[in-house]
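Everything below concerns the one structure shown next.
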Amino acid sequence: MPKCSKSEKIEDALLWECPVGDILPNSSDYKSSLIALTAHNWLLRISATTGKILEKIYLAPYCKFRYLSWDTPQEVIAVKSAQNRGSAVARQAGIQQPVLLYLAVFRVLPFSLVGILEINKKIFGNVTDATLSHGILIVMYSSGLVRLYSFQTIAEQFMQQKLDLGCACRWGGTTGTVGEAPFGIPCNIKITDLPPLLFEVSSLENAFQIGGHPWHYIITPNKRKQKGVFHICALKDNCLAKNGIQEMDCCSLESDWIYFHPDASGRIIHVGPNQVKVLKLTEIENNSFQHQISEDFVILADRENNKNENVLTVTASGRVVKKSFNLLDDDPEQETFKIVDYEDELDLLSVVAVTQIDAEGKAHLDFHCNEYGTLLKSIPLVESWDVTYSHEVYFDRDLVLHIEQKPNRVFSCYVYQMVCNTAEEEETINRSC
């Protein structure tokens, strides 16, 4: 029987805020929590202040869950399984597994189960990946095709049985308690017919973003030479916005990325190694049917403006030779932006900037005014930052989480809590007056 222990290895984690103004059934529901997924399919709700496990749920014995994400921020969580590749013997025999992956969906206020959905190739065809975002099931194909379906419609039409955590359940001739080991949670949403299609588009590497006012989407044209070029188009008629082709002038090993601002302002954030552009989407004057993209503000990395480096060498004859070469925009010895996030309650943009100093990297977390981009505060991270590792940084009110993934799926989690420094706060207020 799978057990949950204090030494359980964490696969992924999310921070759940303490709700305000809602009447919830349990007192623990009012506590800010860290939602953690372990290596053995346990979903844990941990107090963000004490570290105590408030709730634990065993997901399932039939697949390996690996990824946590917000479907709707602070409302609905999606837990995604690893893709089902089948056994080596089955692959050699040419036997394909019909179920690609599973998505477990939970509401957080209060913490309750929506259901587990399977993504079946017999229904969707030769699908390569799928995810949930803002109530939309996004299905992706190797050709670059992206298709969108309503998760609510799917749940209403194809849910075989409503399940409640902690309640007895009979499923497939077996009886157990939902969310407890070894029974777990049965897959209770099985699509038998292709659901109504909301939208489809082709994009390089399935890159697709949707947002803005009115609705627009961002894609990269489905050609390899177009990598790093982003098209911003109206959802209603696929019309390209004016100045809707965005391409950052940079030369780097890692690609820049773009997404709609999570503050619901309809703006767009475009992040490169040495700059963060915040773009706004507005109506064209005297033409309410078309929109244009313009720059709202830019955050620049603290580095030398001249990218040309000169190296002096002396030949055997004593002649001095000067060689000039260009540094990459994400050269580790220059300050480089790695992560950009938004904190909604404080209305702040947080930017993680990293510089390689000698053998180790040093990072600092900068807080910027979300409206104007002004730098308000910079906090150095105590731990070193190895640029070869995978990193995630979450900022929520007074808490900062830094999750570092080392080789062999070894994770480290660093937790910072900010405290109010009255003297410093007064100095900041006086400077801004």
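The values are calculated or read from the model by the stated rules, or taken from the named source; none is laboratory data. Only a predicted model underlies this, so the values are computations on that prediction, with no experimental measurement involved. Every residue, glycine as well, gets a Cβ built from its backbone with ideal geometry; the counts of neighbours run over all protein chains shown. Heads up: the accessible areas ignore ligands, DNA and RNA and are worked out on the full protein's heavy atoms, side chains in. Shrake-Rupley method; radii C 1.70, N 1.55, O 1.52, S 1.80 Å.
Residue ranges 363-376, 158-171, 137-150 sort as 137-150, 363-376, 158-171 when ordered by packing (mean number of other C-beta atoms within 10 Å per residue, highest first).
Decide, for the range 74-210, between rounded, prolate and oblate: order the square roots of the alpha carbon gyration tensor eigenvalues as a ≥ b ≥ c, take rounded if a/c falls under 1.5, and otherwise choose prolate if a/b is larger than b/c, else oblate. Cα axes put the range 74-210 in the oblate bin. By its C-alpha gyration tensor, with a ≥ b ≥ c as the square roots of the eigenvalues, how is the range 129-176 shaped: rounded for a/c under 1.5, else prolate for a/b larger than b/c, else oblate? Prolate, because a/c is 1.5 or more and a/b exceeds b/c. Proximity of backbone amide H atoms, modeled 1.01 Å from N, is registered between residue 255 and no other residue at under 5 Å, excluding neighbours fewer than 5 places apart on the same chain. Solvent-accessible surface of the range 200-246, averaged per residue with a 1.4 angstrom probe and all protein chains in place: 54 square angstrom. Couplings 3J(HN,Hα) of the range 41-47, computed from phi: 6, 9, 9, 10, 10, 10, 4 Hz, in residue order, whole Hz [Karplus 6.51 cos²θ - 1.76 cosθ + 1.60, θ = phi - 60°; x for Gly and Pro]. Taking label positions 7 Å along the Cα-Cβ direction at both residue 294 and residue 160, the computed distance is 5.6 nm, reported to one decimal. Past the 31 Å Cα-Cα mark, which pairs from 56/190; 190/242; 377/406; 225/377? Table pairs above 31 Å Cα-Cα are 190/242; 225/377. Under the shape rule built on the C-alpha gyration tensor, where the axes satisfy a ≥ b ≥ c, the range 189-256 is oblate, since a/c reaches at least 1.5 while a/b does not exceed b/c. Taking only protein heavy atoms and a 1.4 Å probe, the accessible area of the range 84-173 is 48% carbon and sulfur.
Once the Cα-Cα distance is subtracted from the 0.36 nm per residue extended length, the residue 302 to residue 379 segment shows a gain of 26.2 nm. Calculated FRET efficiency, residue 134 to residue 359, Cβ-Cβ distance, R0 = 41 Å: about 0.45 to the nearest 0.05.
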